[in-house]
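In what follows, a structure is listed as structure tokens, so that the remarks can point back to it.
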Amino acid sequence: MTERDAADSERLANAINGITSALDRFYRFEGPDLAALHRQQWVAELGVALPEEGRGLVAVVRTLNEIVIPNGLRNGAPGFSGWVTTSPTTSGVIAALAASVAGSQRWWVHPFNYLETVGLEWLRTLLGLGADMQGTFTSGGSAANLVALGAARQHAFEREGIDVAREGLPAGATWRIYASTEVHHVVTRAAGVLGLGRRSVRGIAIDDRQRIDVRALIEALDEDRAKGIRPIAIVATAGTVNTGAIDPIAELADIAEDRRIWLHVDGAYGAFGVLDERVAPLFRGMERADSVAADPHKWLAAPLGCGATFVRDRARLGRAFTLEPAEYLEGSTAGGVVQSPFDDFGELYHDFNIEQSAQSRGVTVWAILTEIGRTGLRDRVKRHLDFARHLERRVVAEPRLELVAPATLSICCFRYRSNNEDASNSLNERIGTRLRAETRFVPSTTIVAGRYAIRPCFINPRTTIDDVDGLVEAVLRIGESEVAARSVQHV
Ligand SMILES: Cc1ncc(COP(=O)(O)O)c(C=O)c1O
């Protein structure tokens, strides 16, 4: 028997100090992103056989410093506007580090458990949801939507006296979830995971601003009702990932209320847009929803792995997801004098979603909002909406560019204009590829109503207006050179 464990647990500060300059350097995002070009090198360094004998902490620190961190993911670089997630800011990082050391489990009696409650309460307040909306942190938007739809499923069948979490779905029944064709695919997957079936999500047509067509929804609801199909939920997206469109939530809330159907709002990306008074009216009705998903690891720039779901009547969430009592879990004498964590599990978040063990996430939300407050977050959201509007104005003013979808939130879809509609998609696809390969401006691309578009999404706290202008200039330069190259080919 060896006396001591092979893993170090004493030189934490030393080890952290050993990587701080590499992290600071990384955070400056200097020079081009060479991770893909250097792939062979780092794969060769990292892809070694399982070491029989450990190489020690020093080797770990060295490899992190020299290989892993410098080739890390640069989605926090100021010119990166490709995703709805970004690299976290400092307070979130140190909070996550603190949690991994001192709050390595979100339950039991300790401040990290309590900060789950505080973080959720602050998010609820930010989003303008009522006090009866209680939440749970999740690993992200996928799990946030899954948990919300799990509550919707519970609700739909409880009305018929069926505890679906316990009994399973009734044989012979059919059911539907209604969402626009622009809904995020995690909603469809959630339906699959919940046993409702991916096909149970009925995609409703959209209008010319990519919002759910309310008349088409009503027709679908009527048609399904006539066939005896049970409605499980209507999903409103508050900020689609494609264009940032916001479904008419208030109208959907009226329909859901009239027909007694669960209304879920997927605000994973866009819900924090409610902080900008210019678009706040578009979120009207979100406060009437039965459940809302919103992700701190998107606009809040919390470390990845942090989504949140709010549900009216969390007891229903509990019935959908409770960990049933088990001998091995007991020991709590909650209600008596709490002298040790074993006497009280704290707030039982593992009863409200799909994970038992989970990291403490509330501390990161608490840290970010303690640092910047509501005002700091509101300023960020407004700045990003300004960026999208600035870009839209430039596109509209520039004859070589064309707007594909207007900016509702912080996404603006546009393309380089081409005389030849058929060639336009491939031209803009090439522009997207060359932007990523040749410049520091990294938007994503998408297809809106069959039209290939360049799609920057501004949620990155490090992005500045110069990065927005830089993107426009880069698209013009590359577009021009592509068009010139093609006309030479045709000569
Ligand atoms: C509207 C919307 N819902 C859900 C998701 C899924 O979130 P996550 O990637 O955190 O699982 C996203 C992510 O882009 C999203 O934009």
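Per-structure values
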| item | result |
| --- | --- |
| Qualifying positions in region 123-146 - in a helix (DSSP H, G or I) and within 12 Å of the ligand (Cβ to nearest atom) | Gly141, Ser142, Ala143, Ala144, Asn145, Leu146 |
| Selection status of Ala151, away from the ligand (no atom under 16 Å from the Cβ) and either of a type in the set (A, V, I, L, M) or assigned to a loop (DSSP other than H, G, I, E, B) (or both) | yes |
| Where a residue in region 256-277 is more than 16 Å from the ligand (Cβ to nearest atom) and its partner, wherever it lies, is outside any loop (DSSP other than H, G, I, E, B) and open to solvent by less than 10 Å² (accessible area, probe 1.4 Å), with Cβ under 6 Å and at least six apart | Ala256/Ile234; Ala256/Leu263; Ile261/Ile234; Trp262/Ala152; Trp262/Ala233; Leu275/Val381; Asp276/Val381; Asp276/Leu385 |
| Considering residues of region 168-191 that are surrounded by 15 or more Cβ atoms within 10 Å (Cβ to Cβ) and assigned to a helix (DSSP H, G or I) only, the residue farthest from the ligand (Cβ to nearest atom) | Ala191 |
| Residue within region 154-167 that is open to solvent by less than 20 Å² (accessible area, probe 1.4 Å) and within 16 Å of the ligand (Cβ to nearest atom) present | no |
| Helices (runs of 4 or more DSSP H) enclosed by region 21-117 - at least 1 residues per element that are in contact (Cβ under 8 Å) with a residue 60 or more places away in the chain and within 30 Å of Arg436 (Cα to Cα) | 90-102 |
| Qualifying residue in region 135-148 (condition: surrounded by fewer than 24 Cβ atoms within 10 Å (Cβ to Cβ) and more than 18 Å from the chain's Cα centre (by Cα)) | no |
| Test set (1) more than 30 Å from Ser21 (Cβ to Cβ); (2) open to solvent by 20 Å² or more (accessible area, probe 1.4 Å); (3) within 16 Å of the ligand (Cβ to nearest atom) - Pro88 fails condition number | (1) |
| Region 354-413: number of residues that are within 23 Å of Thr138 (Cβ to Cβ), aliphatic (A, V, I, L, M) and in contact with a Phe, Trp or Tyr (Cβ under 6 Å, 6 or more places away or on another chain) | 3 |
| Positions within region 201-215 being open to solvent by 10 Å² or more (accessible area, probe 1.4 Å) and either within 18 Å of Trp262 (Cα to Cα) or in a loop (DSSP other than H, G, I, E, B) (or both), in sequence order | Val201, Arg202, Gly203, Ala205, Asp207, Asp208, Arg209, Gln210, Arg211, Asp213, Val214 |
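Yes/no matrix, rows are residues, columns are (1) aliphatic (A, V, I, L, M); (2) free of Cβ contacts under 8 Å to residues at least 40 places away in the same chain; (3) part of a helix (DSSP H, G or I):
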| site | (1), (2), (3) |
| --- | --- |
| Glu347 | no, no, no |
| His350 | no, no, yes |
| Gly373 | no, yes, yes |
| Gly376 | no, yes, yes |
| His390 | no, no, yes |
| Val396 | yes, yes, yes |
| Pro399 | no, yes, no |
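The values are calculated or read from the model by the stated rules, or taken from the named source; none is laboratory data. Note that the coordinates shown come from a computational prediction; the quantities given were computed from them, not determined experimentally. Ideal geometry is used to build each Cβ from the backbone, glycine not excepted, and the neighbour counts take in all protein chains shown. These area figures cover heavy atoms from the full protein model, side chains too; ligands, DNA and RNA do not enter into them. Shrake-Rupley method; radii C 1.70, N 1.55, O 1.52, S 1.80 Å.
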